[in-house]
Amino acid sequence: MKLAVPSGATKDVALELKGICKSFGSAVALQDVSFQLERSEFLTMLGPSGSGKTTTLRVIAGFITPDRGAVRLHGRDVLGTPPYRRNIGMVFQDYALFPHMTVAGNVDFPLEARGVRGKKRRKMVSDILEIVGLESLGDRLPRQLSGGQQQRVALARALVFNPEIVLLDEPLGALDTKLRGAMQLEILRVVKRLGATVISVTHDQEEALVMSDRVAIFSQGSLVQMGSPRQLYETPQTEFVADFIGESNILRGRFSSVGGGREIHSTCWRAEAPPSLAEHHGFSEGAVVAFAIRPENIAIHRVSESDATVSELNRPNRCTAVVRDNIYLGVEFRLVVVLSDGQPVQIRSRNLKDMDGFTPGTKIELSWSPGDSVVLRG
Amino acid sequence: MTASSTIARVVFWLAVCAVAAFLLLPTVVIIPISFTTAANTLFPPVGFSFKWYRTVIEDPAWQTATITSLKVALLTMACSVTLGTAAALALFRSQFIGKTAVRALILSPLVTPLIVLAIGVFMVFSRWGLAGTLVGLVIADTVLALPFVVVSVTATLYTVNPNLELASLGLGAGPWRTFRRVTLPLILPGVVAGAIFAFITSWDEVVMAIFLTTASLRTIPVLVWSQVRAEISPAVAAVGSILFVISALGMAAVRLILRDEQR
């Protein structure tokens, strides 16, 4: 890729947000949001509605002035710069195509505003229309296009002037599910080809996982955790992230280091502390520890009546449960089981031939490996 | 269809026709009278001729009044469209203290008795030396026409997606370019409709004009008024017909423009 950072260079920070705070009246919209974005990186801001992701996007675009904090584009503070001097491309959720201009007119608009002239300008328009696959539709009006085509026009218009950053506000929200999958890959292809730095906003976790180099999870106006999709899935730091990305079982117990071993106890199970516990200081004897286990990381075992003795409880990372629901999902099946303290636990398994053995009411045994459990903060 | 619903229909349409006749006839009756060959304005007219139209067109008093009326109406249109569009944008887009009061003030000429307004304007303008001047008349008519522009521009602003202006700013167009290339083209139907309303308001206006005009600065409605007081000639009917047709065409144009907008 032509814009790739030369090897050995220090990392090229395209955007930096530092301590952004914003309130609307008494409602806190953003609370101390800080992050950095490298050139050519694709970041998705993910969170439920009202979590502050769109407000963050509008702060970057310059449509909202934060109460505190700094926004730097390639090291340059842009807080005092109006949106039309920031050189940022934005795709709106409803595309916001100018209805009175043709496709080519829409794409040409940012070049006109920048005073690009003549042959170069026409070439830039036709080049980008070709990249998004609309070269034959330049004379159409936006209302004559399908949703997917309008989305491509909006993308072309946001990219044609080589902006420092491209912002996508729920770019696929208005499309139906099938088209959405195709457009995810299409947008990725175009922005990667141009080496664009992109920040996208969505509440669709699959979209975030598919498209992003890194994902920033927002909740209640704060940036909760930021990392690659894999980091977020495998090592969520909080209960919110563990639950928001994929599904998790959250187990709570008390920390114990009696006898040299580091363990977490509850009334119905005993777990060896996962390796990641070392990173979390301050767990004293008896402190409450929460950890997450993904439904696919729990193994299930059938038990005969005679096996279910009290002595089984003494083995770590194992416990008994009763099947509540057994649901067939095609490639896998899902069990909801209830522990003896009443907590429901979700389990997914692809071992479909075993499925019939776990009818509701059956007593079973669960086990997990300590390495698959992740200790959560707070 | 049952008999009772047929009767209901007939009664309904009779009522509609009666109301339409009540509203239209007093105005429309002058049109046949304007083609009379007689020297009086009695209905029904006698014969058919354009002689009263010829009289009007050849009369220097009517010529001067027409030019004055056109000048005043066109200047009023220009002033009220500029001010009214700006006011509509400000009232629609921004939040400021006293916004409701400002809106009410701009719209108040719609509900203020015209004679009260005219007397007030006359007293103030006399002192300022604006009474009897073209500028004074344009200012007064602009006050009357402004609410129509504000209302029709505001109505089209509701149809414009606010993200379009943000998109334009984000794409590098400054506020002025955004207005010229994005906002104005999209609210143009409302602006043009407002302009026509403003023109007609001034073109037909008589109360304010009676106070603010002089023998040397007279609009058509004022001349009609003074002639009618002396003698009722079919020439006045001819002028009335011309005024009526121009206003009717204007209203038809507004309907067409706004209907296209809704499609």
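The values are calculated or read from the model by the stated rules, or taken from the named source; none is laboratory data. What you see is a predicted model, and the numbers here were worked out from it, not measured in a lab. So basically every Cβ, Gly included, is an ideal-geometry build from the backbone, and we count neighbours across all protein chains shown.
Computed quantities for the displayed model
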quantity	calculated
Condition check for A:Ala61: loosely packed, with under 15 Cβ neighbours inside 10 Å, in contact (Cβ under 8 Å) with a residue 40 or more places away in the chain and touching a Lys or Arg at 6+ places or on another chain (Cβ under 9 Å)	no
Selection from segment B:1-42 of residues that are loosely packed, with under 10 Cβ neighbours inside 10 Å and in a loop (DSSP other than H, G, I, E, B)	B:Met1, B:Thr2
Test set (1) within 14 Å of chain B (Cβ to nearest Cβ); (2) crowded, with 22+ Cβ neighbours inside 10 Å - A:Leu46 fails condition number	(1)
B:Arg229 being more than 14 Å from chain A (Cβ to nearest Cβ), without any contact (Cβ under 8 Å) to a residue 24 or more places away in the chain, part of a helix (DSSP H, G or I) and not β-branched (Val, Ile, Thr)	yes
Meets criteria (modelled with pLDDT of 85 or more, under 22 Å from A:Glu247 (Cβ atoms), of a type in the set (Gly, Ala, Ser) and in contact with a Lys or Arg (Cβ under 8 Å, 6 or more places away or on another chain)) for A:Ala321	yes
Meets criteria (polar (S, T, N, Q), in a helix (DSSP H, G or I), in contact with a Gly (Cβ under 9 Å, 6 or more places away or on another chain) and in contact (Cβ under 8 Å) with a residue 60 or more places away in the chain) for B:Ser80	yes
Filter pass, A:Leu168 being more than 22 Å from the chain's Cα centre (by Cα) and within 14 Å of chain B (Cβ to nearest Cβ)	no
Filter result for A:Leu129 (more than 10 Å from chain B (Cβ to nearest Cβ), part of a loop (DSSP other than H, G, I, E, B) and either at negative phi or crowded, with 16+ Cβ neighbours inside 10 Å (or both))	no
So A:Pro110, is it crowded, with 18+ Cβ neighbours inside 10 Å and assigned to a loop (DSSP other than H, G, I, E, B)	no
In segment A:245-272, the residues that are under 30 Å from A:Gly47 (Cβ atoms) and either modelled with pLDDT under 85 or among the basic types (Lys, Arg) (or both)	A:Arg252
Cβ pairs under 7 Å, 6+ apart, first in segment B:161-180 and more than 8 Å from chain A (Cβ to nearest Cβ) and without any contact (Cβ under 8 Å) to a residue 60 or more places away in the chain, second of a type in the set (Val, Ile, Thr) and assigned to a helix (DSSP H, G or I)	B:Glu165/B:Thr178; B:Glu165/B:Val182; B:Glu165/B:Thr183
Which listed residue, of B:Ser49, B:Ser69, is under 18 Å from the mean Cα position of the chain (by Cα) and polar (S, T, N, Q)	B:Ser69
Boolean, B:Arg54 is in contact with a helix residue (DSSP H, G or I) (Cβ under 8 Å, 6 or more places away or on another chain) and either under 30 Å from B:Ala230 (Cα atoms) or surrounded by fewer than 20 Cβ atoms within 10 Å (Cβ to Cβ) (or both)	no
Segment A:323-346, residues that are outside any loop (DSSP other than H, G, I, E, B), touching a residue at least 60 places away in the same chain (Cβ under 8 Å) and under 15 Å from A:Ala292 (Cβ atoms)	A:Val345, A:Gln346
Segment B:152-191 - residue that is in a loop (DSSP other than H, G, I, E, B) and not β-branched (Val, Ile, Thr) and, of those, nearest to the chain's Cα centre (by Cα)	B:Tyr158
Strands (runs of 3 or more DSSP E) fully within segment A:153-267 counting 2 or more residues that are farther than 22 Å from A:Ala29 by Cα	A:165-169, A:249-256, A:263-265
